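Have a look at the structure below before the remarks.
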Amino acid sequence: MDKNEERETIDAKLIKDESSQKKQPPKQPRIGKIFLVALIGGLLGGGIAFGGYAAYQAYENTAVTAENSKGTAKVSNIKVNVSTQSTKAFNKIKNAVVSVEAYTTSSSSNSLDDLFGDSSSGETTSESEGSGVIYKKTGNTAFIVTNNHVISGANKVKVLLNSGKKLSATVVGHDSVTDLAVLKINAADVTQVATFGNSNNISVGQTALAIGSPLGSTYATSLTQGIISAKKRTIETTDSNGTSTGQTTVIQTDAAINPGNSGGPLVNLAGQVVGINSMKLTSTGTSTSSSSSSTTVEGMGFAIPSNEVVKIINLLVKDGKIKRPALGISLINLSYVSDSDQKSTLKLPSSVTSGVVVIKVSNSSPAKAAGIQKYDVITSLGGKKVKGLASLRTALYSHKLGDTVQIQYYHDGTLKTANIKLTLEANDSNTTTSSNSGN
């Protein structure tokens, strides 16, 4: 075979091999192997994963562009189901939280009526709003706890349920010292009742939820969230007239508490009431959260602990009031007396700088029986130092009717000690009062 024939034979063979290779079907990739490579690539540097995402993104952008080019917009059908513990807690109690509307009607003479001989007087109605929580349902009656200052002095009280239905309410009992009150309504439309948690078991830093009607029923059942800032905070409290009403121990929280939140619940993440929101700190001191202030201190709200609430509301339902002991005397703070009168009239040693001065003693009172007289200066009661009226009330109200307590006082400059049996109730008509205070 010459060279030309040999070349033709080689060329023909190459053509045949090439043709046979083209006819062979391509090999199918092994899925498991590609997945493993992609996984390793993603772990090492994300190169393969990024390539896949880039391809998807290009497709997605193309689809979005094509849709937008039509000039239409669509709402995604993707459902996001996020259920937090706060939401679950809120749902457990929301229908038990109510708005409380208190109406006070006062008479006012009208000069035009007088001119035309009409002796009848006109009436002016004012309204205040707060919050409350349904805590018990018995037969046809449901009971609501709220703050005393929400309903104090009201001629008529109405309750707005979360459903929007408004009902007339009756005041079962109220207590100005603890700032608590109990109302009752017809239970036919009540669908949920709150439960009380143990306020002794709360911890600083745990989540706290405040529910109520800030700024009134327009914003009924509003939820705010914060933490427990202090478990037991002792603060001085005052009434609407600015008169000191003593000391109280409360829960401090930074959950937003605004005017109208008074009486609403402070709730833990189990949906239990651990406190009743009562007041907030303002630039002028501690005030009820139903009052407003031009300048406020943010994040410092206070709630009455649930353990105290349960004790008081049970007594209010039982008796309509809280029975507390009284001394049967009228008092003023020693700080109101001038230095010269402290020396000449009270004959006090210079070392005595605080206490309360007796202005009047009622006949047949516990103080009278113990030998207390006008111008005596009380400095201790039941082993607790008396710095002023607030601390005296706190010391006195820690005891109950029938208890015998030790009292220390200065008489004509001499320190004396006596035992007082607390037989007089604070609500008795023979308890004397003065412009400053009566105890």
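Per-structure values
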{"quantity": "Residue within the stretch 248-255 that is at positive phi and modelled with pLDDT of 65 or more present", "calculated": "no"}
{"quantity": "Selected residue (criterion: farthest from Val356 (Cα to Cα)) from residues of the stretch 395-414 that are hydrophobic (A, V, I, L, M, F, W, C) and touching a residue at least 24 places away in the same chain (Cβ under 8 Å)", "calculated": "Leu401"}
{"quantity": "Filter result for Thr353 (in a strand (DSSP E or B) and over 30 Å from Val273 (Cα atoms))", "calculated": "no"}
{"quantity": "Selected residue [outside any strand (DSSP E or B), without any contact (Cβ under 8 Å) to a residue 60 or more places away in the chain, more than 15 Å from the chain's Cα centre (by Cα) and surrounded by fewer than 16 Cβ atoms within 10 Å (Cβ to Cβ)] from Ala154, Ala188", "calculated": "Ala188"}
{"quantity": "Odd one out for Thr245 among (1) β-branched (Val, Ile, Thr); (2) in a strand (DSSP E or B); (3) modelled with pLDDT of 70 or more", "calculated": "(3)"}
{"quantity": "In the stretch 337-365, the residues that are within 27 Å of Glu425 (Cβ to Cβ), more than 34 Å from the chain's Cα centre (by Cα) and not polar (S, T, N, Q)", "calculated": "Val357, Val358, Ile359, Lys360, Val361"}
{"quantity": "Residue check, Asn307 farther than 24 Å from Thr423 by Cα and assigned to a helix (DSSP H, G or I)", "calculated": "yes"}
{"quantity": "Counted residues, the stretch 68-104 - those being in contact (Cβ under 8 Å) with a residue 12 or more places away in the chain and in a loop (DSSP other than H, G, I, E, B)", "calculated": "0"}
{"quantity": "Subset of the stretch 370-408 (residues that are among the aliphatic types (A, V, I, L, M), under 19 Å from Arg324 (Cα atoms) and either surrounded by 16 or more Cβ atoms within 10 Å (Cβ to Cβ) or not assigned by TED's automatic domain parsing to the domain that holds Ile420 (or both))", "calculated": "Ala370, Leu381, Val386, Leu389, Ala390, Leu392, Ala395, Leu396, Val405, Ile407"}
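The values are calculated or read from the model by the stated rules, or taken from the named source; none is laboratory data. Because the structure is predicted, anything quoted here is derived from the model rather than measured. Glycine gets a Cβ as well: all are built from the backbone with ideal geometry, and neighbour counts include every protein chain shown.
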